[in-house]
Amino acid sequence: MSLLELRGISREVRLPDESVLPILTGVDLDVAPGEHVAIVGRSGSGKSTLLNLLGLLDTPTSGSYLLDGEPTDRLSARRRSRLRGEVFGFVFQQFNLLPRRTAAENVAAPLLYARGRDYLRRRSTAREMLDRVGLGARADQVPERLSGGEQQRVAIARALVRAPRVVLADEPTGALDVETGAQVMALLAQATAENGAALVTITHDLSVAALAGRRFRLERGHLSPLVEAGALGAATSDRGPA
Amino acid sequence: MTGILGTLAEAWDEVRVHKSRVLLSLVGVFLAVFAMTSVTALGLMVAQVQQELAERSGGRAATVAVNAWDPVTGMPPAGEAWDAAVAELVQRYDIATAATIAYGETRFRMPGGTMPVQTRRVSPNYGDLHRVEPIEGRWFREGDRESLSPSIVVNEAFLTALGVPDLSSRPTVVIGGADPVRATIVGVVREGYAEELVAYRIDRSAGPWDAAAAVDPATAMYGGPSTLELWVPADQTDLVTETVKHDLSLALGGELQVDAYRTDPQGAEETIAMLRLAIRGAGTVVLVLGGLGVLNIGLVTVRQRIREIGVRRSFGATSGRIFAAVMLESVCATALAGLLAVGAAIVLVRNLPLERLLNNGIPIADLPGFPVAAAVEGMIAATAVGALAGLLPAIIAVRAKVIDAIRF
Ligand SMILES: Nc1ncnc2c1ncn2[C@@H]1O[C@H](COP(=O)(O)OP(=O)(O)O)[C@@H](O)[C@H]1O
Ligand SMILES: [Mg+2]
């Protein structure tokens, strides 16, 4: 069974002049547990909107979104928030670390919304996660004193700290240089795989998308499988065992 | 449970991280609570001191003073007849305390020579009625009437004049006159202005010196008439006043003039209530101003933190948690300011020279401590201001659109 299942999803926004702007139209997407999906598209094509819908930060105008086979449209606001914290981990283009809090405090922050043991052990869990992304030594640094690559590694640790089932990464390498971006992306893919979590990466960079088992293109609100000249064979073989 | 802990931890984190901002916004609240708590505490203490000082001279609520004299000769009634009439009155109307007091002068033989001292001749229960609290030794008892050596209670200036440091040496003093007698000092009270000597004696006693003094024309000249003081329920004052006048003059044969009037400080409660009301009004205005400062800074920072709030939403923070965190941050901060302000107020009030300010430097026997009510009031006010000032930013935080917040 699919972990995430989008059927005929549309998202429109009403502009101040009362006209309706369609951002997503008729999007179908399935994400299985543990798989890595990449969505490629130009800026303004609706990638972030799609990711926000997947992460229960936004609701579709029409269509159905099933999470673990359960429709999400009837969930209370409270339940949506809870599910968001438990099921998803987010990695943003701009890192979005909490300013003036140390790396360790940032990584521990999502556990403030967890319960029981997870909440109580948040500090040691955060340090373990930072060790995993190779930043154990910088745990007490504030983000302002970390490089972009380091900040995004902290964000990856933070996204994984509650052991989510899906990591949603919105242009995770968008603010990094090519080499650092490649390293960070490799780390994200590896750490997510180790956790057994699914990874949905949004990018406009084809080399980032190449790490994914399945790739899609988002163009003017339409989602379609990505077919690349020359890369087709690799894409097909990736899909098999994953 | 961990949800509540988490909310608190989050709020505290905010306060810790934004120290300087929080500090700035709290100056107003601190000053307001400090001023309000200090003034309320002082007001309450002053009121209490005034009440006590007033009750020392006027008696407790409600004290009715009764005087009787012969309108022709101006002489007081005969002792036995008066005593009998009073005893019957007290019994008939269930009067709690009936004390007597007369002012007179006693000649004491001090080391520097004989000295006339203002003396109050009182019944032992006068002490209850006037809140007399000896700072050393004791007040009079009924048994003192039978004592062979008259008991006296004096003030500290008297002891000093006598050249005695305290009562440990069981000091005595000779009362001069036609028939000198050695009196025993049984207690010391804190009374009188500056160097003024004060002494208390039992109103009537079995000793032969008393009978002699009573007929001594010299004493009669200085000594005023004896006043009866009745401690009665406040709501029955008028009734008692009328009844006493009527009954006593009847019992004493109708020849005597009997006057009765209330002497305890009245309207004190209303004065205190008015004072507190005024202080509260002023304090509220200052607090509202302080609260507006907190609100203003809260509004500015909640806008700056919209992105952070969006990020927390992505961690699974519910609306309730976001609301509680912003609100609690405000409350935590103002409560802390309140605590510091109350502490500062306590330090200030404790170190004020109250005796000099309130009582011309004369020691007050039992100076009231810092009123708990003022401290509690200050804390409640600070917390309430935090809650009110946190409300609007909390609503804004909850209503912020998450996707707009985390958009770059
Ligand atoms: N709330 C909104 N109001 C108006 N326009 C919006 C809103 N949200 C998104 N858009 C528009 O929809 C398009 C897609 O946005 P987004 O999903 O952020 O694209 P991407 O992430 O692919 O760059 C953009 O043109 C953006 O301006
Ligand atoms: Mg985007």
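The values are calculated or read from the model by the stated rules, or taken from the named source; none is laboratory data. Keep in mind the model is a prediction, meaning the values are calculated, not measured. Because the Cβ atoms are built from the backbone with ideal geometry, glycine has one as well, and the counts that use them run over all protein chains shown. Remember, those area values only see protein heavy atoms, side chains included, never the ligands or the DNA or RNA. Shrake-Rupley method; radii C 1.70, N 1.55, O 1.52, S 1.80 Å.
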Expressed in angstrom and rounded, the centroid-to-centroid distance over alpha carbons for segment B:102-119 and segment B:1-62 is 50 Å
For peptides A:188-199, A:155-166, sequence by mean Cβ density within 10 Å, most packed first:
A:155-166, A:188-199
Quick check on segment B:36-177: take the gyration tensor over C-alpha atoms, sort the square-rooted eigenvalues as a ≥ b ≥ c, and tell me if it's rounded (a/c under 1.5), prolate or oblate.
oblate
Sorted on mean Cβ neighbours within 10 Å (highest first), peptides B:293-306, B:105-118 come out as B:293-306, B:105-118
Over 20 Å intervals from 0, what percent of Cα-Cα pairs in the protein assembly as shown sits in each interval?
15, 29, 17, 15, 15, 8, 1
Once you sort the root eigenvalues of the Cα gyration tensor of segment A:2-99 as a ≥ b ≥ c, which label holds: rounded (a/c under 1.5), prolate (a/b larger than b/c) or oblate (the other case)?
rounded
With a 1.4 angstrom probe the carbon and sulfur portion of accessible area for segment B:60-262, in percent, totals 53 percent
Simple spin-label model, 7 Å along Cα-to-Cβ: B:Val347 to B:Asp404 in nm?
4.6 nm
For chain A, take the longest principal axis of its alpha carbons; what is the angle in degrees between that and the long axis of helix A:122-132, to the nearest 10 within 0 to 90?
80 degrees
Under the helix-only model (-39500 (n - 2.57) for each DSSP H run of 4 or more, divided by the residues of the protein assembly as shown), the mean residue ellipticity at 222 nm, to 500 deg cm²/dmol, is -15500 deg cm²/dmol
For segment B:73-189, report the accessible area per residue in Å² (1.4 Å probe, heavy atoms, rounded to an integer).
49 Å²
What are the DSSP H helices in chain B that stretch 30 Å or more along their long axis, judged by alpha-carbon atoms, and whose average Kyte-Doolittle hydropathy comes to at least 1.6?
B:372-399
By how many degrees, between 0 and 90 and to the nearest 10, does the Cα long axis of helix A:178-195 differ from the longest principal axis of chain A?
90 degrees
Highest mean first, how do A:76-85, A:36-45 rank when packing is the count of other Cβ atoms within 10 Å averaged over residues?
A:36-45, A:76-85
Would you mind giving the total buried accessible surface between chains B and A, with a 1.4 Å probe and ligands, DNA and RNA left out, rounded to the nearest 100 Å²?
2500 Å²
How high is the FRET efficiency from B:Arg182 to B:Leu367, r the C-beta distance, R0 30 Å, rounded to 0.05?
0.25
To the nearest 10 degrees, the tilt of helix A:148-160 (Cα long axis) against the first principal axis of the alpha carbons of chain A is 80 degrees
To check my understanding: the extent here is largest minus smallest coordinate of the Cα atoms along each principal axis. What are those three numbers for segment B:60-262, in Å, largest first?
49, 35, 30
Sequence-distant or interchain residues sharing an amide H contact under 5 Å with A:Arg217, placed H: which?
A:Val40, A:Ser224, A:Leu226
Dipole size in debye (nearest 20) for the protein assembly as shown around its Cα centre, Lys and Arg Cβ +1, Asp and Glu Cβ -1?
3840 debye
Return the average number of partner chain Cβ atoms within 10 angstrom of each residue Cβ along peptide B:319-331.
1
Taking every DSSP beta bridge with both residues inside the protein assembly as shown, roughly what % is antiparallel (nearest 5)?
65 percent
How would chain B be classified by its alpha-carbon gyration tensor: rounded, prolate or oblate, with rounded meaning a/c under 1.5 and the a/b versus b/c comparison settling the rest?
prolate
Per-residue average of Cβ from other chains inside 10 Å of A:113-125:
3
Average other protein chain Cβ within 10 Å of Cβ, residues B:304-315:
6
At q = 0.08, 0.13, 0.17 Å⁻¹, what log₁₀ I(q)/I(0) does chain A have when each alpha carbon counts as one equal point scatterer in the Debye sum?
-0.30, -0.80, -1.31
Can you tell which of A:Ala139, A:Ala191, A:Ala108 lies farthest toward the positive end of the dipole of segment A:61-213, using +1 and -1 charges on the Cβ of basic and acidic side chains (Lys, Arg; Asp, Glu)?
A:Ala108
Would you mind computing Rg(Cα) / (2.2 N^0.38 Å) for segment B:31-81, counting N as its residues?
2.19
At R0 = 41 Å, FRET efficiency that the Cβ-Cβ distance of B:Thr172 and B:Val72 yields, to 0.05:
0.45
Kindly report the accessible area of chain A per residue (heavy atoms of protein chains, probe 1.4 Å, no ligands, DNA or RNA), in Å².
46 Å²
When only the heavy atoms of the protein chains count and the probe is 1.4 Å, how do A:Glu70, B:Glu136 rank by accessible area, highest first?
A:Glu70, B:Glu136
Can you give me the long-range amide H partners of A:Leu57? Hydrogens built in the peptide plane at 1.01 Å from N, cutoff under 5 Å, separation of 5 or more residues or another chain.
none
